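The values are calculated or read from the model by the stated rules, or taken from the named source; none is laboratory data. Just so we're clear, the structure is a prediction, and the values are computed from it rather than from any experiment. In this analysis, Cβ positions are derived from the backbone assuming ideal geometry, glycine residues included, and neighbour counts consider all displayed protein chains. Protein only, heavy atoms only, side chains kept; ligands, DNA and RNA dropped before computing areas. Shrake-Rupley method; radii C 1.70, N 1.55, O 1.52, S 1.80 Å.
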Amino acid sequence: RLYLKTEASSDNISWRNLDCEKDSLLKFGENNIRFKIDVVSFANVGNIRFYYKLSGVQDEWSKASETGAVTFYKLKSGKYSFLAKADPGISKATSEVSVVHFEIGKPFWQKSWFLLLAAVFVVSAIGLIVHFLKKAGIKKAITQQRLIQLRSEALAAQLDPHFVMNCLNNISGLVNAGYR
């Protein structure tokens, strides 16, 4: 009979035991997984060989190993199944295959609430930029219109003294010429 002990860690220092029935969904940071394989065998105890594979990472069974522990580091988010089996080393007979299913959750920046929040932020930022550009354009148009108005007033102010002086000069010229 084959027994699996599963542990997870985020820092490779403190490992916590997983109850595969309850802890099948792990946080994104808990992506270091260690499996310890134990076998109850009354025959040929010293030559037991272990085989394993982690679906999602490797498709083939591992080569025979005499150590019953394997660790996977920095697994990506997704669903995994760890399969393990053992043989006594002297015959082709193998134990039943033990399976542990688990899932490593997505990081927060890949979750739908974060993507929605980021989209709202981007749309809001674009809206604010467009608003400020429109406001600046309107302000520039008002400033240009006021500048044209002031130039017209300045030109009119320059024309008025010339007109008055021309009229006075004409009157003066007519008086000097003898027209009364």
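What the table shows:
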| quantity | calculated |
| --- | --- |
| Percent accessible area from carbon and sulfur atoms, the chain, protein chains only, probe 1.4 Å | 61 |
| Over 26 Å (Cα to Cα) - which of LYS5/LYS53; LYS85/LYS111; LYS111/LYS134; LYS36/LYS74; LYS27/LYS63; LYS36/LYS111 fall in this group | LYS85/LYS111; LYS111/LYS134; LYS27/LYS63; LYS36/LYS111 |
| Accessible area expressed per residue, the chain, with surrounding protein chains retained (probe 1.4 Å, Å²) | 75 |
| Selected from ALA69, ALA125, ALA84 as most flexible by GNM, with the chain as the system and alpha-carbon contacts under 10 Å | ALA125 |
| Length gained when the stretch ILE142-TYR3 is fully extended (0.36 nm per residue, less Cα-Cα span) | 41.9 nm |
| D (Stokes-Einstein, µm²/s), Kirkwood Cα radius, the chain, 0.890 mPa s at 25 °C | 102 |
| Angle in degrees between helix 112-177 and the longest Cα principal axis of the chain, rounded to the nearest 10 | 10 |
| Aspartates and glutamates whose Cα lies under 12 Å from that of LYS79, excluding same-chain neighbours fewer than 8 positions away | GLU103 |
| Highest average packing first - 24-30, 9-15, Cβ atoms within 10 Å | 24-30, 9-15 |
| Lys/Arg +1, Asp/Glu -1 at C-beta; the chain dipole; positive extreme among VAL130, LEU75, PHE114 | VAL130 |
| Tensor-based shape of the range 77-180 (alpha-carbon gyration tensor, a/c under 1.5 rounded, otherwise prolate or oblate) | prolate |
| Relative packing of peptides 70-81, 155-166 - highest average C-beta neighbours within 10 Å first | 70-81, 155-166 |
